Structures are given as C-alpha cells and as structure tokens.
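Notes to accompany the following structure.
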Amino acid sequence: MGISGQITAAVAPQAAMKSEMTPFPPTDGQALRSAFGRFGTGVTIITTQTAQGPLGMTANSFSSISLDPPLVLWSAALRSKRHDAFAQAATFCIHILAENQHRLANHFASQGHDFTGFDWFPGPTGSPQLKGCLAAFHCTRFAVHPAGDHSMIVGRIEHAAERGGEGAGLLFDQGRFGTFTPK
Ligand SMILES: Cc1cc2nc3c(=O)[nH]c(=O)nc-3n(C[C@H](O)[C@H](O)[C@H](O)COP(=O)(O)O)c2cc1C
C-alpha cells in the first residue's frame, strides 16, 4: 500500500460516518419516533389503584432522577385512555421487568384493567405490586409537568424493593423486546 492508500484509509472512516446518517426535520414525527427508538431501554409496568380497580400500563420512558430525595419519572401520552388516571394518581408503583416478562409487557400495552392471570397484591401505598419483577418503586406523586403530547410524571419513592440474586432486565430496542448480552 502506497502513501495514497494510507491517506484513503485515514480519511475513509470519517467520510463513511458522515454519510451514515440522514438528516431529517424534527417535525417529521414518524422519523423522530424511529430515531428515538434507537435508544434501547428497559421496560416497566406502572400500576395504580382507581375507583374501577387496579390499572396498569407498559412504559419505557422511565428514568431515575435523584437519590436524595429519591425521585423517578416516566411520561404518559396525552392520547392514551389511561393518561388521566395516571396523571391524577396520588400514588403509583413502577416495576422493572425481568427478561422473561414480555407477555406482561404486551398485556399492559394493549389494555390496563385486566389483572387476571398475573400475581399481584396491594403494595404499601395501595398501588398494586406485580410479582416476578426485578424491582418495584412505590411512589407518591411529586410533580406532573405538561410536556408537549405527554405529561412528565415525577414520583417520590416511599418504598422500594429489589429481587435478590442474578436476573437481567427485559429490554426494548427499535420496537422489539430482547435480552442483555454482556460484552
Ligand atoms: C415497550 C413499550 C413501552 C411503552 N412506553 C410508553 C410510555 O413510556 N408512555 C406511554 O404513554 N405509553 C407507552 N407505551 C404505550 C402504552 O403501553 C399503551 O399501549 C398506550 O398508552 C395505549 O394506551 P390506551 O389503550 O390507554 O389508549 C409503551 C408501549 C410499549 C409496548
């Protein structure tokens, strides 16, 4: 390989990186949704107790925020039929799903009120706690911020629990469930 070959080799990766991405206007909702979907996440189920009984919803917008005070957040879509119940809930429970719980995730994505077939019990704040999850955070509502077509719901953790031993989380990436492979 001559000098020109070396130069090509040094420049090529940069050129390739530039052409790897196609810019798009952030007002293109479909393209933005697709790009957001490149951020792989864990999967949670949020539960609360309502006058109509227990309510659940699958959410991957969960994020930890603060240790002191202990705060977490998730975002509920305004267009969801379950939005108002969660935005108004005084307490709710956030469950971190285990890698074998994709059936639970699909179930509470498609509807919220049917808990038959899943083990649960009323948690310390009254919100349902589902069994078999990796961690559960029982929260009181700390703040609800309007944020475009979602509400950002911030919870203050009043009671927390984590499953002992090993156990990987259920993951969600580009619209698919998966599991973690350590490098
Ligand atoms: C993996 C996954 C993550 C989701 N994350 C959220 C979320 O963070 N916020 C949200 O509002 N909906 C989320 N959804 C959609 C809801 O679970 C539910 O399907 C949607 O709100 C429709 O609700 P509705 O039947 O009450 O209208 C997610 C769905 C899946 C499958």
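Data overview
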quantity: Which numbered condition ALA136 fails, given (1) more than 16 Å from the ligand (Cβ to nearest atom); (2) surrounded by fewer than 14 Cβ atoms within 10 Å (Cβ to Cβ); (3) at negative phi; (4) of a type outside the set (Asp, Glu); calculated: (2)
quantity: Scan of region 149-167 for residues that are of a type in the set (A, V, I, L, M) and either closer than 13 Å to ALA59 by Cα or within 15 Å of the chain's Cα centre (by Cα) (or both), ordered by number; calculated: MET152, ILE153, VAL154
quantity: Subset of region 100-112 [in a loop (DSSP other than H, G, I, E, B) and near the ligand (Cβ under 10 Å from one of its atoms)]; calculated: GLN111, GLY112
quantity: Given (1) surrounded by 18 or more Cβ atoms within 10 Å (Cβ to Cβ); (2) more than 13 Å from the ligand (Cβ to nearest atom), index of the condition THR116 fails; calculated: (1)
quantity: Test: GLN88 is without any contact (Cβ under 8 Å) to a residue 12 or more places away in the chain and either within 10 Å of the ligand (Cβ to nearest atom) or within 19 Å of GLN174 (Cα to Cα) (or both); calculated: no
quantity: Conditions (1) basic (Lys, Arg); (2) without any contact (Cβ under 8 Å) to a residue 12 or more places away in the chain; (3) away from the ligand (no atom under 13 Å from the Cβ); number of the one not met by ARG38; calculated: (2)
quantity: Among (1) among the β-branched types (Val, Ile, Thr); (2) surrounded by fewer than 20 Cβ atoms within 10 Å (Cβ to Cβ); (3) in contact with a Lys or Arg (Cβ under 9 Å, 6 or more places away or on another chain) - the single one ILE65 does not satisfy; calculated: (3)
quantity: Residue list for region 41-62, filter: of a type in the set (S, T, N, Q), surrounded by 11 or more Cβ atoms within 10 Å (Cβ to Cβ) and either within 16 Å of the ligand (Cβ to nearest atom) or modelled with pLDDT under 95 (or both); calculated: THR41, THR44, THR47, THR48, THR50, THR58, ASN60, SER61
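The values are calculated or read from the model by the stated rules, or taken from the named source; none is laboratory data. As the structure is a computational prediction, the values presented were derived from the model and not from experiment. Positions of Cβ are generated from backbone atoms using ideal geometry, with glycine treated the same way; all protein chains shown enter the neighbour counts.
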